[in-house]
Ligand code: SF4
């Protein structure tokens, strides 16, 4: 049956209305969501759930992930996977044996390219740190550690379950077992001043990590901080100054800023994230996981059931996906801009046509207007935000929202 509202010609021809799609599928990554945390941080709006996650839960959840992957295989048939990202939640609540079981199951069902990047997010707690060597043996190639700060008072106010000593020990352990690892930091924390941020930056810098991510604390709806907002969170001006200090420290440390909030030494950029920002495809499995898959019928965004129990029940019934949306041309324009303009180097303009099957003409006059306003690089061969555009990235990307 044609969909309601389908153009009359398409109805008469018995065809679906044409949806844009790339001529050949782009690079494909796999995202796996492990949804449990020891405790919910008051600022967190990720799909993370306190408690649960005991041994039986973890085994049942792995079974569900594998069944979910099998259900998804027809949509990505014949394609190779170049990157895997195991995120959460706190994936390091799963012991190395279970991560190995997960990776073995993935390898048995998907063609993982040689040298595929496999990232796992880890918290710096002591019992998790002792697992890092096991994760490397299980096949994880890149660790991302949620340090956030080295200030014990700040960590407590963020509701983190680790302290600064554990954070430093976790970085040391990661450096011993992983060539590629990331340290996540946050700034503009409750009560933080510039001197406090400088102390955090000095400590992370001393470890010479090959990759940092550095995010400003933001108050998200439906979090504890949204209901009880700490009164001493730095305002916009001090937060801007703090971010300037982050940029200066990263540059002094030999780290290149390659995305709004990501910094890396040469050869250490996160390949999974790069492909997502370049509008590549990713299959997302696990509770609440998002995915983007290109196929003959167009480009589809999927969201899986959010709550772990509901997700497991729906997977058992053969319905892991809660909602699915086919992108039209205006979705493509906005979503491509939203992702690609995060990259400091931008992307070749031709990538838009390669990844979407659409002509650059669909941008209309929006590109020229953004160039005139100093937000977009005037070089027509690249789509790249200027330094001003990066600073006001929300304003820039909103320009691509309207049809
Ligand atoms: S550890 Fe991470 S995912 Fe878990 S509640 Fe805290 S911020 Fe959210």
Item to check | Subset of the range 19-43 (residues that are more than 18 Å from residue 86 (Cα to Cα) and near the ligand (Cβ under 8 Å from one of its atoms)) | outcome: 39, 40, 41, 43
Next on the checklist: I'd like to verify a number: residues in the range 120-131 that are within 25 Å of residue 82 (Cβ to Cβ) and buried (at least 24 other Cβ atoms within 10 Å of the Cβ), how many?
Outcome noted: 2
Checklist entry - Mind checking which pairs have a first residue in the range 275-302 that is at positive phi and a second that is crowded, with 20+ Cβ neighbours inside 10 Å and assigned to a strand (DSSP E or B), Cβ under 7 Å, 6 or more apart or different chains? => result 286/32; 286/33; 286/34; 286/304; 288/33; 288/304
Next on the checklist: When you check residue 69 against the structure, is it more than 16 Å from the ligand (Cβ to nearest atom), in contact with a strand residue (DSSP E or B) (Cβ under 7 Å, 6 or more places away or on another chain) and in the same structural domain as residue 159 (by TED's automatic domain parsing), yes or no?
Outcome noted: yes
Item to check | Verdict on residue 78 being modelled with pLDDT under 95, away from the ligand (no atom under 12 Å from the Cβ) and within 19 Å of residue 291 (Cβ to Cβ) | outcome: yes
Checklist outcome for this item: Selection over the range 216-249 where residues are within 21 Å of the chain's Cα centre (by Cα), crowded, with 16+ Cβ neighbours inside 10 Å and within 13 Å of residue 186 (Cα to Cα) yields a count of 4
Item to check | Candidate set: the range 82-99, residues that are in contact (Cβ under 8 Å) with a residue 60 or more places away in the chain and away from the ligand (no atom under 16 Å from the Cβ); chosen: the one surrounded by the fewest Cβ atoms within 10 Å (Cβ to Cβ) | outcome: 82
Checklist entry - For residues in the range 51-66 being touching a strand residue (DSSP E or B) at 6+ places or on another chain (Cβ under 6 Å) and within 16 Å of the ligand (Cβ to nearest atom), which is nearest to residue 229 (Cα to Cα)? => result 52
Checklist entry - Does residue 239 satisfy being touching a strand residue (DSSP E or B) at 6+ places or on another chain (Cβ under 8 Å) and in a helix (DSSP H, G or I)? => result yes
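The values are calculated or read from the model by the stated rules, or taken from the named source; none is laboratory data. Since this is a predicted model, take the numbers as computed values, not measurements. Virtual Cβ from ideal backbone geometry, glycine too; neighbours counted across all protein chains shown.
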